[in-house]
Amino acid sequence: MKISLYQLTTFIIGLLLLTSIDIHASDKGKYVVVIHGGAGTILKKNMSPEKEQAYKAKLDEALVAAEKILKAKGTCVEAVKAAIMVMENSPLFNAGKGAVFTNAGKNELDASIMRGKDLNAGAVAGVTNIKNPIHAAIMVMDNSEHVMLAGKGASDFAKSQDVEIVDPKYFYTKSRWESLQRLIKKEREITQRDKHGTVGCVVLDTYGNLAAGTSTGGMTNKKYGRIGDSPIIGAGTYANNKTCAISCTGHGEYYIRLSFARDISAMMEYQGITIENACKQEVRKLTKLGGTGGTIAVDKDGNVAMEFNTAGMYRGYIKSSGEKIISIYK
Ligand code: ASP
């Protein structure tokens, strides 16, 4: 059988196309989940083995919850929600159930979400009766024309979206109450400069889309309706399919002033630098201003960065390759 040059060329081109589709498909099948549970003066010498184990187990549960969604071909936003809700429902972290107290002895929670595909975003700030603020933030993104809703209006909207509402007493935990009393005694105005327990999650899903989410109780002893970086898109949370997804934890005022999360994305977009380099540079800017905290990030190719300038940061990631890391200290 004779094969013409034309047939041979068509065959080779076909083969090349098939392989490239294959490579593309397997590339799209990959996923990455990165989480944080806050940064601060977290030292091994101050941690009991039981407490350390409890934190690690909860971080693991959050990673696994997000991974389950991604394995079932769910979206990055659904995965972020699953991971963050695990941490919001735990008293260990300063988000949801474990939220810190304001100076007035209340709990005022903030959360945000951003999707890198269409740059859509949603946030709630200063809410007092929403069990899972991340859920409310997602509803703001998906079912409203707005990006950020605050206070009672945010709660009313959440109610209309069937987001779970709780009695504000639900957020009472003895340990957070005692932290407030200690700080009031010391008369430190805005506090927790050295302890940030916010939670966050960034995801690259199997469709190649990125999302970032953050949820917090803010800073212990906060006054005057103070809102930090966590619900502010570009400060504590940012995602763009062109570059990366970012979630932060730390002294919010500094993150807002730096446009921290957006700045990392911008450095990658305009300077073409790696995610690790961009996060390192941004944390250096934070240190220079006098701020403390950390950040987690994943880029569009699945590279991960977890940077902080404190003694520790509860953190971890899981990749479709099977790689998994959970750590606390520097
Ligand atoms: N970034 C949060 C805030 O300033 C606090 C934290 O991360 O713990 O509200």
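What follows is calculated from the coordinates using simple rules that are stated; it is not laboratory data. Note that the coordinates shown come from a computational prediction; the quantities given were computed from them, not determined experimentally. For neighbour counting, all protein chains shown are included, and Cβ atoms are generated from backbone atoms with ideal geometry for every residue, glycine included.
Details
- Relative contact order (percent, whole number), segment 271-330, Cα cutoff 8 Å, 6+ residue spacing: 26 percent
- Comparing 140, 203, 124 in a Gaussian network model of the chain, where Cα atoms under 10 Å apart are tied by springs, the biggest mean-square fluctuation is seen for 140.
- Cα-only Debye scattering, segment 49-104: base-10 log of I(q)/I(0) at q = 0.22, 0.26 Å⁻¹: -0.81, -0.95
- Full extension of the chain between residue 41 and residue 118 gives 24.0 nm of extra length, using 0.36 nm per residue less the Cα-Cα distance.
- The GluC sites (Glu not before Pro) found in segment 276-330 that occupy coil by DSSP, while having at most 13 further C-beta atoms within 10 Å, are 323.
- Label zone at residue 323, where the point sits 7 Å out along the Cα-to-Cβ direction: segment 283-303 residues whose backbone N lies under 17 Å: 296-303
- Mean Cβ neighbour count within 10 Å, used as a protection proxy, ranking 40-48, 71-79 highest first: 71-79, 40-48
- Inter-centroid distance (Cα atoms) of segment 218-253 relative to segment 264-330, Å: 15 Å
- Bridgeable lysines around residue 68 (alpha carbons under 22 Å apart, same-chain partners fewer than 8 residues away excluded): 28, 30, 56, 58, 81, 117, 300, 319, 324.
- Dimensions (Å) - segment 104-231, Cα atoms, principal axes, largest first: 50, 30, 23
- Under 13 Å from residue 330, Cα to Cα: aspartates and glutamates that are on another chain or at least 8 residues apart: 307
- Beta bridges by DSSP in the chain, antiparallel share as percent, to the nearest 5: 95 percent
- For residue 284 and residue 224, the difference between the fully extended length at 0.36 nm per residue and the C-alpha to C-alpha distance is 18.6 nm.
- For segment 220-311, alpha-carbon Rg and Dmax in angstrom: 12.6, 42
- The chain shape via C-alpha gyration tensor axes, a/c threshold 1.5: prolate
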